[in-house]
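A short reminder: the numbers here are calculations on the coordinates, not readings from a lab. Bear in mind the structure is a predicted one, so any value in this text is a computation, not a measurement. Here the Cβ positions follow ideal geometry from the backbone for every residue, glycine too, while neighbour counts run over all protein chains shown.
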Amino acid sequence: MLIPSGRPVIILLFLTALLFCPLTRQLSQASPQLTESQAKAVFVYNTIRYVTWPKTVFKLEDAIEVGVLTKASNDDSWDILKNKSILGRKVIVRKSSDIDDLRSCQIIYIDTTARKDFVRSLHAIRQESILTISDIDNFHMYEGGMITLKVVNSRLNFTVNLATARKSALDISSHLLKLAHEVLR
Amino acid sequence: MNVTRFISLISLSFSFITCFIQPSSAEEIDPATLPLESLMDLKVTSVSKKSQSLTDAAAAIFVITQEDIRRSGVTNIPDALRMVPGIQVARIDSSKWAVSARGFNGRFSNKLLVLKDGRSIYTPFFLGVYWETQDTVLEDIDRIEVIRGPGASLWGANAVNGVINIITKSSEHTNGLLASAGGGNYEKGFATLRYGGQLSPSTTYRVYAKHLERGHFVDANGNDTNDAWHNSMAGVRMDSSPTATDSFTLQGDYNSGKLNETYKLYRLPADSPPPYDFLTPGRTGIDGGDVFFRWQRKLADSSSHTLQAYYDHDKRDMLILPQTFDNIDIDFQHRFTLGTNQDIIWGAGYRYGSIKLLSSTTLDFPEQSTSTSLYSSFIHDEISLIPNRLSLIFGARLEHNDTTGFELQPNGRLIWTPNQQTSLWTAVSRAVRTPTVGDQQIIYRYRSLPPATPPNSLPIPLRLEILGSTQLKSEEVIAYELGSRSEITTRLSIDVALFYNDYRNLRVLKPGQPYAETTNAVQPFILSNDMHGYAYGAEAALELTPFDWWRLRGAYSFEKLFMYLDGTSIDQINKGNAAGDTPRQQLSIRSGMDLGSGVNLDLWLRAVERIDWIDSQSMPGYATMDARISWKPYKDLELSLVGQNLFHDHRPEFIPEYVNTVPSEIVRSYFAMVTWKLR
């Protein structure tokens, strides 16, 4: 018989094939590159260095909570921030389609997939000291919108509405503002 | 070659192929090493599927959010589905619902697939979903995705006219204590207790318990119809991501309840003199449970394995057919990108079902204990023709079942997204509803008629019965769909879908050879695929936010069905039901206002056109309103008052087909509720 028969053999072969998957992937590893959504996640992570929150907003002593309002539950771009910490705080990423789940966060990123009705989401958190970031067009022009991210010629740029951030008792350092495409004061 | 081996071979070849064509990944970057300056200089790539949400899918999809559920004041899942265009929801009595998509409604509407956290809750043997047992802590539901139209290629069998996907929150998002309780005139009392916490930095859990007591509805004269019921449930869920690439979910639920119902049954002419019909009360125990496990491993960006397995158990000591179902299901899925423009998901699965029945005079099955096997495999390939603009999707599911053998359900879709705010999509799909072992074996002695009483013209009693058939083929639909989504401004968006469905081999009854019993004659009717037809319709959903504190949500559906009998069938009743039990038009308008100081006011207006024909009767159309006012005196505490079906004391919505329980009329109800959330 040319082909070995019987279910166990097939299952075994199948499992072997799966085992090899990660191996073949490592062999073909090329120079690292960031996708658009990963770059946005890294940007959000970096802002933590340059923003000062009122002391009382941290619900957890040793962590900073980053909320991602998204309807794309299968988006794994934010996994790039898994097990990261910054300024002595562990970064916890919370993803949800419900703004109510994210109230405890210090940063909320609103994904374009959640753009429908985002004005109401912003309205819902207007009284909290939460840094709001989004890649929705002209996000910083809406009430409660602080930083708009945009990709121009495959490069990330951002606009800051400093007045809105200050209204929520957030202080953004001049270093971040210097890198901004535009700052509304 | 046997089926298992066939499917394993397909899977095997796939896993080999996919291994060697996977593109390189970028997972080794540590963001901490990338200062902001370099990040701004970095060239980024865009992958088409990456952050695409399901709402950008090339299908007629509607998502009910947690906020929609909370603010609508609904106390159960089927009532929440009334806000979705193209979905028909009607209540038969206090504990029974009829839910379907794009027509063919009924308590046993068999053309709709319903999933809860990836677990099919469609009861294949009984051709439908027992909605009364499909309950959970409503506050823990993340969203309910409703897809109208065939969804078989991704989701599975019986997704002929739609898929309902109930998704609960990960335990990561249900931290802390939730306690809620309330009661009113119809909702006699309900209470929920849920606690969520952390077992380790990477593992969270929640446990819950819920109990509800619902009252009875009434008949046309306002009298008690003996359909009060109660149900208790408890469950646990654990989510863990011990490594950067693996995540696990373990879930278990149990429910137990009792419901009152009244049957209209017929004695056999051999056993009794006329009249043969009589009403008899039943008290049905409903018990069920499930255990679910899922393991997801991320291989690279947009590449992952998912393995899930579950067991569920459902026991119902129904008067005319006590029944126990046990299912074991195992599914594997692999998602990966091919080249720069293809996103592929494929998978294979197996389901084993065990059925135990106890026949009665009314319902009889030759085999009281039987089992079923279902093997399936699918592939779904999204090809990006112009990145972020134009995508082509091919999908197909190949299944092998016990009754009809192999079934292929393919579909093709095209989606064009000219800009971030607009998308246009179109699709052509084939889907089937496969006959079940029950369809093959049923003997249903549903009616006895005295001599010379219409429709019996004979001088002796006549007994009518329905017989199953092993000749049954799958019911089939070819569906053509077209839709668009547009966000006109950030405050206004409109979603429109049009469809044309071409049905073949629909199941009706054809008269069999009459025969004589000692005292009477018997007219059998045999299940057969002797009907074809078509349906067309339009559905629209509108979201308008005139002010930050006021939102409006509208849904409108229009549909028309046409049915034609083939062969020797004279089954005007089932033909009439298929063509006539769907309201031609439905309208739902929800208004949600944030009045300040933590006060919200929600109003929900619904108008449903009459049902022309259901078991030779018609149901009047109706307009009704639900209202909810809530107040949050503190951040953690919410008080609410809800009124439902405010425009009528009581009104009929539907009647049961097949199983002759006595229908009742839905009553106006009020209840008050307290919710306490402590994080």
Using alpha carbons only: equivalent-ellipsoid semi-axes of the range B:327-369, gyration tensor based, whole Å: 44, 10, 5
For the range B:287-427, what relative contact order do you get, as a whole percent, if you take Cα pairs closer than 8 Å and at least 6 residues apart? 15
Quick check: pseudo-label points 7 Å beyond the Cα along Cα→Cβ at A:Leu87 and B:Phe278, how many nm apart are they? 8.0
Less than 13 Å Cβ to Cβ from B:Gly128, Lys/Arg counted +1 and Asp/Glu -1: what total charge do the surrounding residues give? +1
In whole angstrom, the spacing between the Cα centers of the range B:455-479 and the range B:247-267 equals 29
Test item: Cα-centred dipole of the protein assembly as shown, Lys/Arg +1 and Asp/Glu -1 on Cβ, debye: 1360
The range B:364-513: relative contact order in percent, alpha carbon pairs under 8 Å with at least 6 residues between: 18
Modelling each spin label as a point 7 Å along the Cα-to-Cβ direction, I'd like the B:Leu250/A:Asn157 distance in nm, to one decimal. 5.2
Taking every alpha carbon pair in the range B:381-495, what does the distance histogram look like in 5 angstrom bins from 0, in percent? 2, 9, 12, 11, 10, 9, 9, 8, 7, 7, 6, 4, 3, 2, 1, 0
Suppose every Lys and Arg Cβ carries +1 and every Asp and Glu Cβ carries -1, with no other charges. What dipole size does chain B come out with about its Cα centre, to the nearest 20 debye? 320
Relative to the longest principal axis of the C-alpha atoms of chain B, give the angle of the C-alpha long axis of helix B:3-21, reported between 0 and 90° and rounded to the nearest 10°. 20
Separation between Cα centres of the range B:329-405 and the range B:137-193, rounded to whole Å: 22
For the range A:69-129 and the range B:598-615, write down the distance between their C-alpha centroids in whole Å. 34
Helix-only [θ]222 nm of chain B, DSSP H runs n ≥ 4, -39500 (n - 2.57) each, per residue, nearest 500: -2000 deg cm²/dmol
Per the Cα gyration tensor, chain B corresponds to an equivalent ellipsoid with semi-axes, largest first in Å, of 42, 31, 25
In 5 Å bins starting at 0, how do the alpha-carbon pair distances of the range B:499-628 split up by percent? 2, 9, 13, 13, 13, 11, 9, 8, 7, 5, 4, 3, 2, 1, 1, 0
Could you tell me what a quarter of the Cα convex hull surface of the range A:36-184 works out to, in nm² with one decimal place? 8.0
How big is the shadow of the Cα convex hull of the protein assembly as shown, averaged over all directions, in nm²? 36.1
Quick check of the Kirkwood formula: for the range B:411-471, what is the inverse mean of 1/r over all pairs of different Cα atoms, in Å? 16.7
Using the beta-carbon distance between B:Tyr634 and B:Asp317 and R0 = 56 Å, what value does 1/(1 + (r/R0)^6) give for FRET efficiency, to the nearest 0.05? 0.80
As a quick test, which of the pairs A:Lys55/A:Lys178; B:Lys111/B:Lys315; A:Lys71/B:Lys111; A:Lys71/A:Lys150; A:Lys84/B:Lys210 have an alpha carbon distance above 29 angstrom in this structure? A:Lys84/B:Lys210
